[in-house]
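The values are calculated or read from the model by the stated rules, or taken from the named source; none is laboratory data. Every value quoted in this text rests on a predicted model; they were computed, and no experiment measured them. Cβ placement follows ideal geometry from the backbone for every residue including glycine, while neighbour counts extend to all protein chains displayed. These area figures cover heavy atoms from the full protein model, side chains too; ligands, DNA and RNA do not enter into them. Shrake-Rupley method; radii C 1.70, N 1.55, O 1.52, S 1.80 Å.
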Amino acid sequence: MVRSLWTGASGMIGQQANIDTISNNLSNVNTHGYKKQRAGFEDLLYQTIRTAGTPATEDTVVPVGIQMGHGVRLADTQRVFSQGALQQTDVPTDLAITGEGFFRIQMYDGSMAYTRNGNFKVDSDGRLVTSNGYWVIPDIVMPELFLPESINITQDGRVSVKVPRDGEEVEIDVGRLELYRFPNPVGLTAIGENLFKTNQASGDAIPGIPGYEGMGTLRHRFLEMSNVAVVQEMVNLIIAQRAYEFNSRSIQTSDNMLGTATTLKR
């Protein structure tokens, strides 16, 4: 069987995975804190027909060998953690990170997850939570009768609110937010809902105060948008589509060659 049939098929499978990755990026173009993915590829094993350096004569060697490739495969889908644009929302519980860092989130099962999405809310108990009700860690709890519009969060994570007392509004500190970074953030495992979990590849979370020791700063009443560049993704989509067509054409050509071979004897 012609080797190019399988080689072209591997190319079509690889480009399909590339298009799937680009499609996911485009579908999340308006997802707060989303970080785009990039598909990486590597070539498959080679069949060595003649090894370079083997003796050709008594005094000479073969300068160049003969190796036939067997196609391509998907190697990784790397997350690109570049900064997304900031959108001003004027919502008192919205936060954006400028620079490095993640918010820590406690899941329902007690495990920890991490996110760049600062679209937070205040639940019925006064806790700062995500849109899905997960607690923001360190735990931030608002006092009773606090004024929601008075929430203030500084660039270094200090959270304060105002409460009415004796006919006046008194400002109260309610806690301080932390950020977390990783030795290898691209190794984090995405679990959906804008959340990531650690693993051996990412390394353990390193806590820090916003604005200190390499951590990013917080922007209150802002949200970080997706870092997906629509024009770039559309160009990548066109390239992937053409590559898919080229590989399908190589399969068609190989099929035509086999058809010609079968008609040699009549």
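Summary table
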item: Helix 230-262 axis, angle to the chain major axis (alpha carbon atoms, nearest 10°); result: 20
item: Charge tally in the Cβ shell below 15 Å around Phe41, where Lys, Arg are +1 and Asp, Glu are -1, Phe41 excluded; result: -2
item: Environment charge at Arg181 (Cβ cut-off 13 Å; Lys +1, Arg +1, Asp -1, Glu -1); result: -2
item: Among Val163, Met215, Leu128 the positive-end extreme of the charge dipole of the chain (Cβ point charges); result: Met215
item: Top of Gln16, Gln67, Gln83 by mean-square fluctuation, Gaussian network on the chain, Cα under 10 Å; result: Gln67
item: Residue (of Gln87, Gly71, Trp6) at the positive-pole extreme of the stretch 6-138, dipole from beta-carbon charges; result: Gln87
item: Dipole moment magnitude, nearest 20 debye, the stretch 92-181 about Cα centre, only Lys, Arg, Asp, Glu C-beta charged; result: 380
item: Net dipole in debye of the chain [+1 Lys, Arg Cβ; -1 Asp, Glu Cβ; about Cα centre; nearest 20]; result: 1380
item: Size of electric dipole in the stretch 105-242: Cβ of Lys, Arg +1 and of Asp, Glu -1, about Cα centre, debye, nearest 20; result: 620
item: Positive dipole terminus of the stretch 19-148, leading residue within Gly99, Phe41, Asn119 (C-beta point charges); result: Phe41
item: For peptides 94-105, 155-166, 4-15, 178-189, sequence by mean Cβ density within 10 Å, most packed first; result: 94-105, 4-15, 178-189, 155-166
item: Nearest 10 degrees, 0 to 90: helix 3-27 Cα axis against the chain principal axis; result: 20
item: Surface accessible to a 1.4 Å probe, per residue, for the residues of the stretch 138-211, Å²; result: 56
item: Local electrostatic count, Arg249, Cβ distance below 15 Å [Lys/Arg +1, Asp/Glu -1]; result: -1
item: The chain: radius of gyration over Cα atoms, expressed as a fraction of 2.2 N^0.38 Å; result: 1.50
item: Where N is the number of residues in the stretch 111-181, Cα Rg divided by 2.2 N^0.38 Å; result: 1.15
item: Two-decimal ratio, the stretch 1-80, of alpha-carbon radius of gyration to 2.2 N^0.38 Å; result: 1.70
item: All-pairs Cα distance distribution in the stretch 162-248, expressed in whole percent, bin size 5 Å; result: 3, 10, 9, 13, 15, 12, 11, 9, 6, 5, 3, 2, 1, 1, 0, 0
item: The chain, helix-only ellipticity at 222 nm - DSSP H runs n ≥ 4, -39,500 (n - 2.57), divided by all residues, nearest 500; result: -8000 deg cm²/dmol
item: Convex hull volume per residue in cubic angstrom - Cα atoms of the stretch 39-172; result: 193
item: Eligible lysines near Lys35 by straight Cα distance, threshold 19 Å, same-chain separation 8 or greater; result: Lys197
